[in-house]
Amino acid sequence: MTKLSAFTQLYLRISIATGYLVFGLDRLGVLGKNGEKNVSWGDWEHFIKYASEVMSFLPHSLINLFAVIATVAEILFGTLLLLGKWTRAAAYGSALLALLYAISMGISYGITSPLAYSVFTLSAASLLLAQQSYYNWSLDALNK
């Protein structure tokens, strides 16, 4: 692996990880309250309103459950990718989560929405990360 490839893989891993952590922690209020600068939701209540729109095609009884699953997955994948632990599995999980989100956005808002927010790109980038043969600067590398 070249130095540039090693850096690129690390950059991709950290970029995906921080994106998931920011969104996951935002809805739990860790980044601040709703309405504050750089805060999208700020609490679960505001996030659920958005989640209800994105998953409007599902029975209402499933929305909170899927929102919890997505939040746990985002924080879990973000943490694992940041640490470089079980990187391949976390990257595959990230790819699937982003793809499901993109499809949900497409159904609820039209295909332009997931394209404009690069959600398919996130899914593809996660698949690319999963295909790496070695993860430099990671806990996975320490275990080899």
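Structure values in brief
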{"read-out": "Number of positions in region 103-140 that are surrounded by fewer than 13 Cβ atoms within 10 Å (Cβ to Cβ) and more than 30 Å from Glu53 (Cβ to Cβ)", "value": "2"}
{"read-out": "Test: residue in region 25-43 that is under 12 Å from the mean Cα position of the chain (by Cα), within 27 Å of Leu139 (Cα to Cα) and part of a helix (DSSP H, G or I)", "value": "yes"}
{"read-out": "Residue that is farthest from Leu97 (Cα to Cα) [pool: residues in region 20-37 that are of a type in the set (A, V, I, L, M, F, W, C) and exposed (fewer than 15 other Cβ atoms within 10 Å of the Cβ)]", "value": "Val30"}
{"read-out": "Residue identified as crowded, with 20+ Cβ neighbours inside 10 Å and of a type in the set (Gly, Ala, Ser) among Ala73, Ala98, Ala6", "value": "Ala98"}
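Let's see how each residue does on (1) in a helix (DSSP H, G or I); (2) among the charged types (D, E, K, R); (3) in contact with a Phe, Trp or Tyr (Cβ under 7 Å, 6 or more places away or on another chain):
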site	(1), (2), (3)
Glu45	yes, yes, no
Phe57	no, no, no
Asn64	yes, no, no
Lys85	no, yes, no
Arg88	yes, yes, no
Tyr92	yes, no, no
Ser123	yes, no, no
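Read the figures in this text as sums done on the coordinates, not as results from a lab. Computed from a predicted structure; not experimentally measured. Here the Cβ is made from the backbone with ideal geometry for all residues, glycine too, and neighbour counts use every protein chain on show.
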